Amino acid sequence: MSGPLLGLDLGGTNIKVVLLVPDGDTFRAAGTWEYPTEAGEGPTHVADNLIRATRSHLGENSGIDRVGVGVPGLFHSATGVIELFPNLPGGWEGFPLGATIQHALGIPVTMVNDARAFTLAEGLVGAGKGFRIVACLTLGTGIGGGIMIDGQLHLGAFGVAGEIGHQIIDPDGPLCGCGNNGCVEAMSRADVLTALAGKESAEEVYRTASGGDAGSVAAIEAVAEALGIGLANVVTLIGPDRIVIGGGIADAGDLVLDPIRRTIRERVTLVPPERIDVVASQLGKWSGAHGAALAAAQPLTRDR
Ligand SMILES: [Zn+2]
């Protein structure tokens, strides 16, 4: 058991920060904060904001001796050099984010992909707590994913395992941000949903769908089918005890979860349908920062 942990979640708009303190054999959140990312100012400025947000909590008596940072993309596991930040503006590729932060702070910094951080938090202390094999999906600007097995993130030989959103489900489908065609993400991310429904935002789609808007209901059904097919593959391949779904969509609840459940149960042939368990996340908007802090406590041997 370690001392207090600080977790940061780098988002496009805000940097969320959670302080975890030891509580028995686990941790509890003792405080949460938000700071502007100012992503438009570029990588160096954003790194400075991450450093400033961290420093304001590292007092003499804080006891914090390591920090976890959840980031929206892929990075080199050993060096913390950014490889792909598809949703933040500026020249991030090749930027040494991990080394920059660690050098400035002088304490160990663990970087983790934000969807994997979400998975760790929901799997250990959220909706997946107590389940052996947990698959997590975050729905938003992109589609994030993660797999937790026996309390450990499964990152695979290449450090990127768990990218549920980048399974190809239609080889002739639309281009994805990863360079492939027909990924789950390319057929279900927020801008696809809003375009299908002819609405301004995902929130508007959910709100109008609950009011009976046929176009919004059909858009949700289409997106849920892509997500359900991707998750059906996950069920067949790794057999999760529980699937946890979060991101902005979690607020829409069964309106979105029910068509996803229905598609998975239609598409999985090798598992009794009643065993397939799909629930909404529990930790809300702080799950990424919470998981980043937990990643700092866990010996994550590799992530990217
Ligand atoms: Zn993709």
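Remark: pairs (first residue in segment 228-257, within 18 Å of Arg132 (Cα to Cα) and open to solvent by 60 Å² or more (accessible area, probe 1.4 Å); second residue basic (Lys, Arg) and at pLDDT below 95; Cβ separation under 8 Å; 6+ apart in sequence or on different chains) are absent. Of all the listed residues (Ala104, Ala29), the sole one being over 25 Å from Lys285 (Cα atoms), modelled with pLDDT of 90 or more and either open to solvent by less than 60 Å² (accessible area, probe 1.4 Å) or among the acidic types (Asp, Glu) (or both) is Ala104.
Of these, Asp150, Asp170, which one is open to solvent by 30 Å² or more (accessible area, probe 1.4 Å), of a type in the set (Asp, Glu) and out of contact with any Cys (no Cβ under 9 Å at 6 or more places or on another chain)? Explain how you work it out, then say what you get.
Values: Asp170 fails: out of contact with any Cys (no Cβ under 9 Å at 6 or more places or on another chain).
Exactly one residue qualifies, and that residue is Asp150.
The set of residues in segment 154-190 being small (Gly, Ala, Ser), closer than 26 Å to Ala250 by Cβ and near the ligand (Cβ under 8 Å from one of its atoms) consists of Gly165, Gly177, Ala186.
The values are calculated or read from the model by the stated rules, or taken from the named source; none is laboratory data. It should be emphasised that the depicted structure is a prediction, and the values quoted were computed from it without experimental measurement. Heads up, the Cβs are rebuilt from the backbone with ideal geometry, glycines too, and the neighbour counts pull from every protein chain shown. Heads up: the accessible areas ignore ligands, DNA and RNA and are worked out on the full protein's heavy atoms, side chains in. Shrake-Rupley method; radii C 1.70, N 1.55, O 1.52, S 1.80 Å.
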